[in-house]
Amino acid sequence: MDKFLELLSQMNPFELVKVISWGVAGAISFYFSVGNARVWTSISIGFFLIFLSQAYGINPWTHYQKLTAYHYIVGAAAIMTITHGFLEYYVFCRTFEMPGNKLIVYLTALGILAASGALLIVNPTPSPNTIRNIKMVENAIWVFLCIVNIELIRKIYSTIRDSDISKGFIAFGIVFVCIFLWRGADLYLQIYQWDQDWQDIITLMTEESSDIEEYMGRVEFSREVIRYAGVLSGVSVGGAFTYMYKLLK
């Protein structure tokens, strides 16, 4: 407990607020999945998994590299689950058919988490550079699938625009715009090797000096986008599910 409190005191305030906001959003989304129809389950469970992926920031065992890598893998699984959920909802809007049940979704999510953990256990401990690569892959998946989800939400809204819940999907569209900015800015820094946490590692491995000082303006701007868009993403997710819950009731 003392180690956990010490970690909290050392965290960047924006990082702490982001984790807390995603914790609230994850709790709301999980509650939403329990109290609503099967068609919402994959979407809400996916958003809950985002909190698990962000929880590495308050994890007192972050020095275990496999556990850090696990958080990033869970993040990639989260956006794939969300995208599958919105695709299911679009199909439901067109056909009014929804096969399966909630239990299958929950078990599938648990299976993915277990398989991801097993994959890391049977493989060598990832190096810091490997963890960075995993995080970059996670961000790339997020950026691409955010675009896919925005388009799916647009199609869903066009299909149900006359219904009471159509405005709720506008809220989800705002959520993915925030997430796209957050993850996109992070990916941008990674591509150009300007992500601050990895500067010393990159310099040591490549024996090349970084050009980050020449572009500090855009680097600082991207970092500000990451800070604020990350927080806004969590807040907007919690707000979107709360708003949708009211519309469905």
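The values are calculated or read from the model by the stated rules, or taken from the named source; none is laboratory data. Keep in mind the model is a prediction, meaning the values are calculated, not measured. Note that each Cβ is placed from the backbone with ideal geometry, even for glycine, and that neighbours are counted across all protein chains shown. The accessibility values were calculated without ligands, DNA or RNA, using every heavy atom of the protein model including side chains. Shrake-Rupley method; radii C 1.70, N 1.55, O 1.52, S 1.80 Å.
Numbers below:
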| quantity | calculated |
| --- | --- |
| Exclusive hit being hydroxyl-bearing (Ser, Thr, Tyr), at pLDDT below 85 and part of a helix (DSSP H, G or I), set THR203, THR242 | THR203 |
| Qualifying residues in the stretch 174-196 (those that are more than 15 Å from the chain's Cα centre (by Cα) and not polar (S, T, N, Q)) - the one surrounded by the fewest Cβ atoms within 10 Å (Cβ to Cβ) | ILE191 |
| The one condition in (1) out of contact with any Asp or Glu (no Cβ under 8 Å at 6 or more places or on another chain); (2) in contact (Cβ under 8 Å) with a residue 12 or more places away in the chain; (3) polar (S, T, N, Q); (4) over 24 Å from LEU247 (Cβ atoms) that ASN123 fails to fulfil | (2) |
| Breaking point among (1) touching a residue at least 60 places away in the same chain (Cβ under 8 Å); (2) open to solvent by 20 Å² or more (accessible area, probe 1.4 Å), for CYS146 | (2) |
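Yes/no per residue for (1) surrounded by 16 or more Cβ atoms within 10 Å (Cβ to Cβ); (2) in contact with a Pro (Cβ under 8 Å, 6 or more places away or on another chain); (3) among the hydroxyl-bearing types (Ser, Thr, Tyr):
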{"position": "ILE82", "(1), (2), (3)": "yes, no, no"}
{"position": "PHE86", "(1), (2), (3)": "yes, no, no"}
{"position": "PHE96", "(1), (2), (3)": "no, no, no"}
{"position": "TYR106", "(1), (2), (3)": "no, no, yes"}
{"position": "ILE112", "(1), (2), (3)": "yes, no, no"}
